[in-house]
Number of protein chains: 2
Amino acid sequence: MRDTAAVGCSVREIRSLVVELNKRMDAHQRGRSAEFDLTPTQAKALEELGQPKTARELAAVLCCEPPNVTYVMDKLEKRGLVVREPHPQDRRAKRLVLTDAGRELRLELLRRIGSDSPLDHMSHEERVVLRDQLARALDGA
Amino acid sequence: MRDTAAVGCSVREIRSLVVELNKRMDAHQRGRSAEFDLTPTQAKALEELGQPKTARELAAVLCCEPPNVTYVMDKLEKRGLVVREPHPQDRRAKRLVLTDAGRELRLELLRRIGSDSPLDHMSHEERVVLRDQLARALDGA
DNA sequence: TATTGTTATACTCTATAACTATA
DNA sequence: TATAGTTATAGAGTATAACAATA
């Protein structure tokens, strides 16, 4: 008998589930960010700036090009959440550092995001299984 | 003792795994589509037109607005992959139907997409677990 | 000569509004 | 009057190219 791996569990089915879950988490993230008048990218940048970074480092974690970092930073700086400091070792570069207001907003944001999520109905055990299986799926580089 | 559900299995961790897997599947889909000079949306439209649909029906499955369907269909029609036929029951609507070339390309595309995937390294059992857990995650509407 | 961040610019994708032809 | 599809248009979001300052 041939392998019937696809029956009732096709790659296509899993893909649509992943896409759907991704969409739902994205919507959740977007909603929480909007509560603080932040776009999802701005919120992500704020999260990542728990430690100061150069523009290029931030571009790397945000998976975008440097001009977009400038774009995002302009808005966050205008709101007084972050400042561009000269980099101590490299005068070409800049250290992106949160202000006191930025640090505070970041913590509020993290608290808010952690306060509820699309996975709240799952038990700890279920989440562990989900995490392990997602990690397994990502094993095949 | 407090619930330590978050320890080592935070929602944030799962989210990043979902985002990453989604990204990988998206890249795979994009790559396969590009082999046929199709954008991912064009490929999705082609897939969905296994059965003829009206523009609104296609918009629904593609999760987009009708003008985008016009946009996509213009390109597919120009390539001779699909035609807009008058709808038999409703003269306002149009039946979007694949041409012979469209049907053929659709089958090639499906074969190509099915021939390999980012989940090929997983066993049937692992995929079943992943699918069930993803479905469980989506349970909480 | 290479790299950092910025500016200017363009492209893609998607959405809204106005239009036409039907219903 | 409501709906199907189209057109025109605008808005995010992201990318590339050219530039000045610095390595």
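The values are calculated or read from the model by the stated rules, or taken from the named source; none is laboratory data. If you're wondering where the values come from, they're calculated on a predicted model, not measured in any experiment. Cβ: placed from backbone, ideal geometry, glycine included. Neighbour counts: every protein chain shown. Remember, those area values only see protein heavy atoms, side chains included, never the ligands or the DNA or RNA. Shrake-Rupley method; radii C 1.70, N 1.55, O 1.52, S 1.80 Å.
Take the residues in segment B:88-98 that are within 7 Å of DNA strand D (Cβ to nearest atom) and open to solvent by less than 100 Å² (accessible area, probe 1.4 Å), then tell me which one is farthest from B:ALA55 (Cα to Cα).
Just the residues of segment B:88-98 that are within 7 Å of DNA strand D (Cβ to nearest atom), to begin with: B:90, B:92-94.
Still in the running and open to solvent by less than 100 Å² (accessible area, probe 1.4 Å): B:90, B:93.
Values: B:ASP90: 13, B:ALA93: 8 Å.
Per the stated criteria, the residue is B:ASP90.
Are any of the residues in segment A:70-78 β-branched (Val, Ile, Thr), under 30 Å from A:VAL18 (Cα atoms), within 14 Å of another protein chain (Cβ to nearest Cβ) and surrounded by 12 or more Cβ atoms within 10 Å (Cβ to Cβ)? It would help to see each step written out before you state the result.
Here is the first cut: in segment A:70-78, the residues β-branched (Val, Ile, Thr) are A:70, A:72.
Still in the list and also under 30 Å from A:VAL18 (Cα atoms): A:72.
Checking the rest, the ones that are also within 14 Å of another protein chain (Cβ to nearest Cβ) come to none.
Taking every residue of segment A:70-78 in turn, none turns out to be β-branched (Val, Ile, Thr), under 30 Å from A:VAL18 (Cα atoms), within 14 Å of another protein chain (Cβ to nearest Cβ) and surrounded by 12 or more Cβ atoms within 10 Å (Cβ to Cβ).
Among A:ASP37, A:ASP116, which is more than 16 Å from DNA strand D (Cβ to nearest atom) and surrounded by fewer than 15 Cβ atoms within 10 Å (Cβ to Cβ)?
That would be A:ASP116, the only listed residue that is more than 16 Å from DNA strand D (Cβ to nearest atom) and surrounded by fewer than 15 Cβ atoms within 10 Å (Cβ to Cβ).
For segment A:62-87, give me each residue that is under 19 Å from A:PHE36 (Cβ atoms), within 19 Å of the chain's Cα centre (by Cα) and within 15 Å of DNA strand D (Cβ to nearest atom).
Initial filter on segment A:62-87 (under 19 Å from A:PHE36 (Cβ atoms)): A:62, A:71-83.
Now drop any that are not within 19 Å of the chain's Cα centre (by Cα), which leaves A:62, A:71-73, A:75-76, A:81-82.
Once the filter is applied, which keeps residues that are under 19 Å from A:PHE36 (Cβ atoms), within 19 Å of the chain's Cα centre (by Cα) and within 15 Å of DNA strand D (Cβ to nearest atom), segment A:62-87 yields A:LEU62, A:TYR71, A:VAL72, A:MET73, A:LYS75, A:LEU76.
Got a number for residues in segment A:92-134 being more than 18 Å from the chain's Cα centre (by Cα), of a type outside the set (Asp, Glu) and outside any strand (DSSP E or B)?
13
Can you run down the residue pairs with Cβ atoms below 7 Å, 6 or more apart or on separate chains, where the first is in segment A:129-141 and within 7 Å of chain B (Cβ to nearest Cβ) and the partner is part of a loop (DSSP other than H, G, I, E, B) and surrounded by fewer than 15 Cβ atoms within 10 Å (Cβ to Cβ)?
Note: pairs meeting the criteria are A:ASP139/B:HIS121; A:GLY140/B:ASP120; A:GLY140/B:HIS121.
Among the listed residues B:VAL7, B:VAL83, identify the single one that is modelled with pLDDT under 95, of a type in the set (A, V, I, L, M, F, W, C) and open to solvent by 30 Å² or more (accessible area, probe 1.4 Å).
Working: B:VAL83 fails: modelled with pLDDT under 95.
Among B:VAL7, B:VAL83, only B:VAL7 is modelled with pLDDT under 95, of a type in the set (A, V, I, L, M, F, W, C) and open to solvent by 30 Å² or more (accessible area, probe 1.4 Å).
Among the residues of segment B:40-61, write down those that are without any contact (Cβ under 8 Å) to a residue 24 or more places away in the chain and away from DNA strand D (no atom under 12 Å from the Cβ).
The initial filter retains those residues of segment B:40-61 that are without any contact (Cβ under 8 Å) to a residue 24 or more places away in the chain, namely B:40, B:44, B:48, B:51, B:57, B:59-61.
Residues satisfying the conditions are B:PRO40, B:LYS44, B:GLU48, B:GLN51, B:VAL61.
Taking A:LEU98, is it more than 14 Å from chain B (Cβ to nearest Cβ) and touching a Gly at 6+ places or on another chain (Cβ under 9 Å)? I'd like the intermediate steps shown before the answer.
Numbers: more than 14 Å from chain B (Cβ to nearest Cβ): yes; touching a Gly at 6+ places or on another chain (Cβ under 9 Å): yes.
Judged against the criteria, A:LEU98 is a match.
Results for (1) of a type outside the set (Val, Ile, Thr); (2) touching a Cys at 6+ places or on another chain (Cβ under 6 Å); (3) at negative phi; (4) away from chain A (no Cβ under 14 Å), shown as yes or no for each residue.
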{"residue": "B:GLU13", "(1), (2), (3), (4)": "yes, no, yes, no"}
{"residue": "B:LEU21", "(1), (2), (3), (4)": "yes, no, yes, no"}
{"residue": "B:ARG32", "(1), (2), (3), (4)": "yes, no, yes, no"}
{"residue": "B:GLU35", "(1), (2), (3), (4)": "yes, no, yes, yes"}
{"residue": "B:GLU47", "(1), (2), (3), (4)": "yes, no, yes, no"}
{"residue": "B:GLN51", "(1), (2), (3), (4)": "yes, no, yes, yes"}
{"residue": "B:ALA60", "(1), (2), (3), (4)": "yes, no, yes, yes"}
{"residue": "B:CYS63", "(1), (2), (3), (4)": "yes, no, no, no"}
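Assuming A:ARG92 fulfils every condition listed in (1) more than 25 Å from B:GLU20 (Cβ to Cβ); (2) basic (Lys, Arg); (3) touching a residue at least 40 places away in the same chain (Cβ under 8 Å) apart from one, which condition is it?
(3)
Kindly check whether there is at least one residue in segment B:43-61 that is part of a helix (DSSP H, G or I), open to solvent by 50 Å² or more (accessible area, probe 1.4 Å) and among the hydrophobic types (A, V, I, L, M, F, W, C).
Let us first name the residues in segment B:43-61 that are part of a helix (DSSP H, G or I), namely B:43-48, B:55-61.
Subset that is open to solvent by 50 Å² or more (accessible area, probe 1.4 Å): B:44, B:56-57, B:60-61.
From what's left, among the hydrophobic types (A, V, I, L, M, F, W, C): B:60-61.
Scanning segment B:43-61, I find at least one residue that is part of a helix (DSSP H, G or I), open to solvent by 50 Å² or more (accessible area, probe 1.4 Å) and among the hydrophobic types (A, V, I, L, M, F, W, C), so the answer is yes.
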